[in-house]
Amino acid sequence: MSIYLFTDFGSGDLYVGQVKAVLHQYAPSAHVVDLLHEAPAFNVKAGAYLLAALAERIPAPSVTLAVVDPGVGSAREPVIVLADGKWFVGPDNGLLSVVLARAQAARVFPITWRPDISSASFHGRDLFAPFAGMLASGALDAGQLEQKTGLDVSLDGDDLAEVIYIDHYGNAFTGLRAGSVARDARVVTGDRRISYARVFTEVAEGAVFWYENSLGLVEIAAHSANAAFKLGLRIGQPVAMETG
């Protein structure tokens, strides 16, 4: 079973390698896929909606280790979610709650096991990675886990009218799913009203537009330019859809 990693650890820092070392210890034959290690730092809400969009294209069965955890070491609990045949391991701080809310069938399990030696500030390596490895290797299954009624911290599974991610091109992903948005609608952010185009080349070079991105989200972009810079966009910035 493959393991997918979603974190705010940063690809160039030392944390991802330590997590992968533990995964290799517990699941040496598992294929590990780096979904994202530049999730918005400390931003659980943006991470939850971004993870839910990415999870649509993760196959089942699989294990996703998801860590955006500014409350690590606090009273927040570690948890496992089984959603539509896909396992998600991470903190019960809202990060897994959008995946749970959008699932057709889901169960929640607390992680009650604790390692003999653990860093108070690195549960991704010392607590979540062992469980992800055990699930991926088949050493642990749902029958061995106690179940709980739900998550302690839940976010709304509906769309989020905010910017949730800005990639290195300056394209701004929103938490709005584009499938139900009319193509003649405009994205409103600040005093700008942004019209739709299907792809970048349908607008003039440097022009700003919105389109349905590869994750199915409403994304604000610019043809061969940095839309976030041009518009002053930031993570958490509100957006709205305007028709008529």
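The values are calculated or read from the model by the stated rules, or taken from the named source; none is laboratory data. Keep in mind that this is a model prediction, so the values were computed, not measured. Methodologically, a virtual Cβ is constructed for each residue, glycine included, from the backbone with ideal geometry; neighbour enumeration extends over all protein chains shown.
Here is how the numbers come out for the structure above:
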| read-out | value |
| --- | --- |
| Count of residues meeting criterion [of a type outside the set (D, E, K, R) and either assigned to a strand (DSSP E or B) or touching a Leu at 6+ places or on another chain (Cβ under 9 Å) (or both)] in segment 27-42 | 9 |
| Any hit, segment 89-99, residues being among the hydrophobic types (A, V, I, L, M, F, W, C), in contact with a Ser or Thr (Cβ under 6 Å, 6 or more places away or on another chain) and over 16 Å from L145 (Cβ atoms) | no |
| Residue count for segment 1-19, restricted to those that are touching a residue at least 40 places away in the same chain (Cβ under 8 Å) and outside any loop (DSSP other than H, G, I, E, B) | 8 |
| From G73, G10, G85, residue being touching a Ser or Thr at 6+ places or on another chain (Cβ under 7 Å) and at positive phi | G73 |
| Qualifying positions in segment 164-186 - exposed (fewer than 12 other Cβ atoms within 10 Å of the Cβ) and closer than 26 Å to G244 by Cβ | G179, S180, A182, D184 |
| Single unsatisfied condition, L135 versus (1) out of contact with any Leu (no Cβ under 8 Å at 6 or more places or on another chain); (2) hydrophobic (A, V, I, L, M, F, W, C); (3) not assigned by TED's automatic domain parsing to the domain that holds H31 | (3) |
| Scope segment 187-224; condition β-branched (V, I, T) and loosely packed, with under 15 Cβ neighbours inside 10 Å; matching residues | V199, T201 |
| Close pairs (8 angstrom Cβ cut-off, 6 or more residues apart or separate chains): in a strand (DSSP E or B) in segment 145-158, surrounded by fewer than 18 Cβ atoms within 10 Å (Cβ to Cβ) anywhere | K148/P110 |
| Hits in segment 104-118 (condition: modelled with pLDDT of 95 or more and either part of a loop (DSSP other than H, G, I, E, B) or closer than 22 Å to N43 by Cα (or both)) | Q104, A105, I111 |
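Residue by residue, here is whether (1) over 22 Å from R57 (Cα atoms); (2) aromatic (F, W, Y) holds:
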position	(1), (2)
A139	yes, no
D152	yes, no
H168	no, no
F200	yes, yes
S214	no, no
S224	yes, no
L233	yes, no
E242	yes, no
